[in-house]
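Before any comments, here is the structure.
The values are calculated or read from the model by the stated rules, or taken from the named source; none is laboratory data. Bear in mind the structure is a predicted one, so any value in this text is a computation, not a measurement. Cβ placement follows ideal geometry from the backbone for every residue including glycine, while neighbour counts extend to all protein chains displayed.
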Amino acid sequence: MLSTKTKVIALCSVAVLFTACERPPIETTQTGFRGTAMVDVANPRLPEPELGYPAALPPAGAGGPRAGDVYQNVQVLGDLSVAEFTRLMTAITAWVSPEQGCNYCHNPADLASDDVYTKVVSRRMIQMTQHINENWSDHVGENGVNCYTCHAGQNVPEYIWFSAGDSAFGNKHFVGWRDGQNMPDVGVGYTSLPSDTYTMFLKDPVGNQSIRLEDEMFSSGELGLSIKDAEYTFGLMTNWSQALGVNCTYCHNTRDFSNWEQSPPTRTTAHHGLNMVRDLNANYLIPLKPEYPDNRLGPHEGDAPKAYCATCHQGVNKPLGGADAVSDYPSLAGR
């Protein structure tokens, strides 16, 4: 006779088995020749990203006085009509500060004042948005981006990063230095790969280090690359995969990962995205450090918040599910 405890365990095991069988299977879409493992993987068990994009406000008239002539200290968008300027400010409020309203960026006693730091930051963010849409269409396409792409109704985008710094991992001059490795982190899929890949690859306009690590480079020592360099690259690739909700074959051909001629077009798009993120961090986001209060700076290095792929993509291969982010607000197109 089975004991009561054994029966309970058996029943629980059967329940778990049936529950697992009822879960929807992983879905795959073949993108290359059979036998090449060229497939896109979709996991219906994961929660769907929230892509709710606010409906555009009704267009305002282009006629009438210009905002720069009516209001004081309008350093950006001053050529818009007062009506269109007000419409865009209303939209930005809904995108970034729906709860706080206009006062999140403005001193209600003096709207022209720059004494609220968020106004200075948001002005630069508008310029950055125009810059992206005008100069990085090879990555963002015709849909472009707007403030909601990153903020999604929040004051601070959910996906930003700060430099970890050596102090976060101990003393690099002593035995046991791990350089962020074997410290499972969500940014690298909880693997043992180095967790701070952003500082190395995404901080400078051209990056601190190449991410094209080829077998022959290791064997010849041409670039002086090491296995640790490869681990940093794999960490970054893992992060990209998570950011877009895709697997490696979304951008690479498994027959020859490093071969550009055999790669899908998405690899070229991703390459432009890499350079775009470097540009934005170096020329727009990092220089804003003096404007931020201490509580908005990084905990280890005191650096400004920066962007990476997840900032816009937020788990989907096309931000906002591919929604058009600029046609309704052409002043953000920068053209």
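Here is how the numbers come out for the structure above:
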read-out: Segment 95-124: number of residues that are assigned to a helix (DSSP H, G or I) and free of Cβ contacts under 8 Å to residues at least 60 places away in the same chain; value: 10
read-out: Filter result for VAL145 (over 18 Å from PRO299 (Cβ atoms), outside the structural domain of ASN283 (by TED's automatic domain parsing), out of contact with any strand residue (DSSP E or B) (no Cβ under 6 Å at 6 or more places or on another chain) and at pLDDT 75 or above); value: yes
read-out: Helices (runs of 4 or more DSSP H) enclosed by segment 200-311 - at least 2 residues per element that are of a type outside the set (A, V, I, L, M, F, W, C), under 30 Å from ASP115 (Cα atoms) and modelled with pLDDT of 85 or more; value: 265-280
read-out: Residue match in segment 324-332 (condition: touching a residue at least 12 places away in the same chain (Cβ under 8 Å), buried (at least 18 other Cβ atoms within 10 Å of the Cβ) and in contact with a Phe, Trp or Tyr (Cβ under 8 Å, 6 or more places away or on another chain)); value: yes
read-out: Residue count, segment 108-147 (criterion: over 17 Å from the mean Cα position of the chain (by Cα), among the polar types (S, T, N, Q) and surrounded by fewer than 17 Cβ atoms within 10 Å (Cβ to Cβ)); value: 3
read-out: Checking GLN75 against (1) touching a residue at least 40 places away in the same chain (Cβ under 8 Å); (2) surrounded by 13 or more Cβ atoms within 10 Å (Cβ to Cβ); (3) of a type outside the set (Gly, Ala, Ser), the condition it does not meet; value: (2)
read-out: Residue within segment 285-295 that is of a type in the set (Asp, Glu), within 19 Å of the chain's Cα centre (by Cα) and in the same structural domain as THR199 (by TED's automatic domain parsing) present; value: no
read-out: Unique match (being exposed (fewer than 10 other Cβ atoms within 10 Å of the Cβ) and at pLDDT 75 or above) among ALA20, ALA55, ALA67, ALA83; value: ALA55
read-out: Any pair with Cβ under 6 angstrom, 6 or more apart, that starts in segment 230-242 at a residue that is among the hydroxyl-bearing types (Ser, Thr, Tyr) and ends at one that is crowded, with 21+ Cβ neighbours inside 10 Å; value: TYR232/PRO194; TYR232/THR197; THR238/VAL188
read-out: Among (1) part of a loop (DSSP other than H, G, I, E, B); (2) crowded, with 19+ Cβ neighbours inside 10 Å; (3) modelled with pLDDT of 80 or more - the single one SER192 does not satisfy; value: (2)
